[in-house]
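The values are calculated or read from the model by the stated rules, or taken from the named source; none is laboratory data. Bear in mind that the values here come from a model prediction, so they are computed numbers and not experimental data. Note that each Cβ is placed from the backbone with ideal geometry, even for glycine, and that neighbours are counted across all protein chains shown. Just so you know, the surface numbers come from the protein's heavy atoms only, side chains and all, with ligands and any DNA or RNA stripped out. Shrake-Rupley method; radii C 1.70, N 1.55, O 1.52, S 1.80 Å.
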Amino acid sequence: MEAPNKKIIDKTLNNTAKPEEAREVVRWFSTSEGKSYLCDLMDNDENTILQGTEDKQIDHDIPSNEMYEEIKRRIQWQSRKRFFFRVAAVLIPFILIASIYFELNSRVDLFSPSEYDEIYVPAGEQLQFMFQDGSRVYLNSESRLRYPRKFGFAERKVELEGQGFFDIAENKNRPFIIDMHAITVKVTGTSFDTKAYESEEFIMVSLEEGSVALESSRFKTFDIHQGEQVIYNRKTGSYQIIRPQDISNASAWKDKKLIFKDMPINEVLIILGRTFATSFEISDHAALKYNITLTTEKKELDFILHELEKIAPISFEANNDYIYVRMK
């Protein structure tokens, strides 16, 4: 915060400032720069008159002892007032913070236990959700998000199981925390994709913009930066950081795209099953030895399966509630 004009500061201390001017000065006094300024000012005032030297402040003869004692008493009072204001310089920030806490708490119950809501996105669907602070999350199929109805004063914390793309409203004083049970992601304002399905061994965090901190009881907290992707193994607690050629591929699903880069066929089928709310049955396990590279708009499932049959010597046959996978 920029320091107010000295004339406005003086007017505030003399109680002659306008209300809006005084509010600006008081806010500045709550900063470290303002508190230091006020402390220095009060120190200078206190040092101007030392206890027991009041008579040196009188530059003319006093006509009576009574008047002399009255002047000394007033000088001592002025010195005590200066000392009081010096103490106030230290207390003002705390008083301001306490007042702000009280006011905010009276309006939004920041310090009372918050109730939680939960969203579940079934297979075949996606959902976009906005939090009360302006942050957004895009939830992929079979994802579950647990969030408080009101964020706390010190942090904004949610729980995620599944896949979500977060676009976080910046607030350095209230970090946004995504708890994925095995690890947590802590951010102040950034965009990234997280994938943490309970049924899968790996958790992935792909950072498109900004920086985030990853925390876990199994490793020391570390930061990842724009363009980096972390792949964390739930079983071993190990992780690796890579830099994909195009980090946005990790979140292509929210733009209705499917991108497979040398991906094992079983992982491709898991994604297709979630995306189109269907189940695959492997009739011939020899089909699992193939990896798939394919980029396609998320159209009809039949179209994508036909494209897969062009890439690998496999075939798909729908029967009742399952799609059976066989070698050609």
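Quick notes
- Net charge contributed by nearby residues that have their C-beta within less than 15 Å of residue 209 (K/R +1, D/E -1): -4
- Charge context of residue 296, other residues only, Cβ under 13 angstrom, K/R +1, D/E -1: +1
- Average Cα contact separation per residue, the range 231-328, under 8 Å, 6 or more apart, as relative contact order %: 27
- Net charge of Cβ neighbours under 12 Å - reference residue 24; Lys, Arg +1; Asp, Glu -1: +1
- Relative to the current alpha-carbon distance between residue 285 and residue 262, full extension at 0.36 nm per residue lengthens the span by 6.4 nm.
- Simple point charges give the picture: +1 on the Cβ of Lys and Arg, -1 on the Cβ of Asp and Glu, and for the range 124-225 a dipole about the Cα centre of about 520 debye.
- For the range 281-298, putting each phi into the Karplus relation 6.51 cos²θ - 1.76 cosθ + 1.60 with θ = phi - 60° gives couplings of 10, 7, 7, 10, 5, 5, 5, 6, 7, 9, 10, 10, 10, 7, 10, 8, 5, 7 Hz, in residue order, rounded to whole numbers and with x for Gly and Pro.
- Using θ = phi - 60° and Karplus 6.51 cos²θ - 1.76 cosθ + 1.60, couplings along the range 207-212 (whole Hz; Gly, Pro as x): 9, 8, 8, x, 8, 9
- Vicinal HN-Hα couplings computed from phi for the range 149-163 (Karplus, 6.51 cos²θ - 1.76 cosθ + 1.60; Hz; Gly/Pro x): 5, 9, 5, x, 6, 8, 7, 10, 10, 9, 10, 10, 10, x, 10
- Under-5 Å amide H pairs with residue 156, H placed in peptide plane, nonlocal only: 176, 177
- For the range 192-296, the solvent-accessible area works out to 51 Å² per residue, with a probe of 1.4 Å and every protein chain left in place.
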